[in-house]
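The values are calculated or read from the model by the stated rules, or taken from the named source; none is laboratory data. Quick caveat: nothing in here was measured; it's all calculated off a predicted structure. Methodologically, a virtual Cβ is constructed for each residue, glycine included, from the backbone with ideal geometry; neighbour enumeration extends over all protein chains shown.
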Amino acid sequence: MAYSSTSRNGQSQEDVHSDLGKHLRVANPLNGNNHPILVGDEICPLEISKDSVQYRKAPSNQDDIVNKKYVDNSLSFREIIRSGWSSSTADIFIPLNSVAERTATSGGNEYHSLIMPYDATLERVIVRCANAADSTAIQVYIAANGTAVPLPMSADNYTVTVDMSSAATSYIFDFGNATITAGMIMCLNFDPTSSCGDSNATTIIRYTPTLNAYR
């Protein structure tokens, strides 16, 4: 004798599965592209291809599933670096890991350069000078593995210019999306128009650890 289990509403499991099969479908034929899953005519937040199932929404409930992008962003953290120097109108490299002012990258990595432990984004640099430095630019210099001396990045988002027209006033150099790959070294060139005098800077870097992090 054959038996079948019964659900709470009196339907057998076979009937439930049969009904689900009638209503659950993929919007297009399955291939290498992502297509939404539909229940009847309603689009679900899940997408499917031959190789993956993806969920693009950010979670809003404690039991929601999450995607890799959300996890990677959740793992990100910020490093805050404080620096100080005193100079005239000559451009200098902000001493990110020392108290020595340098005007050239050659032979100076130990004074002003940092290794990126993970993929990183330079978010902003906040600078306060004793004097009015007037129009001032900060430019990102980078060296990849195999290159000893950091070189200036020419793309617009790696240079920010701010008018530091007032003395003893903090100014924000907002980089936003200046990205640096894990394993590279980075330094920052500070180029004022007028003598800046005693100066302080706070540099904010956001790191994003992933499974592909430098190691």
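List of remarks:
- All of (1) on the phi > 0 side of the Ramachandran plot; (2) surrounded by 18 or more Cβ atoms within 10 Å (Cβ to Cβ) hold for D134 with one exception: (2).
- Screening I142 against (1) in a strand (DSSP E or B); (2) surrounded by fewer than 13 Cβ atoms within 10 Å (Cβ to Cβ) leaves a single unmet condition, (2).
- Top-ranked residue of the range 67-92 - restricted to ones that are free of Cβ contacts under 8 Å to residues at least 24 places away in the same chain and not in a helix (DSSP H, G or I), ranked as farthest from Y118 (Cα to Cα): A90
- Candidates are the residues of the range 90-114 that are farther than 11 Å from C187 by Cβ and in contact with a strand residue (DSSP E or B) (Cβ under 6 Å, 6 or more places away or on another chain); the one that is surrounded by the fewest Cβ atoms within 10 Å (Cβ to Cβ) is T103.
- Residue count, the range 127-142 (criterion: closer than 28 Å to G107 by Cβ and either out of contact with any helix residue (DSSP H, G or I) (no Cβ under 8 Å at 6 or more places or on another chain) or among the β-branched types (V, I, T) (or both)): 9
- Qualifying residues in the range 59-82 (those that are among the aliphatic types (A, V, I, L, M) and at pLDDT 75 or above) - the one farthest from L96 (Cα to Cα): I65
- Neighbours by Cβ (under 9 Å, 6+ apart or cross-chain): first from the range 109-120, assigned by TED's automatic domain parsing to the domain that holds G84 and modelled with pLDDT under 95; second among the basic types (K, R) and buried (at least 18 other Cβ atoms within 10 Å of the Cβ): Y111/R102; H112/R102
- Scanning the range 87-108 for residues that are modelled with pLDDT under 90, farther than 13 Å from V149 by Cα and of a type in the set (A, V, I, L, M, F, W, C) yields a total of 3.
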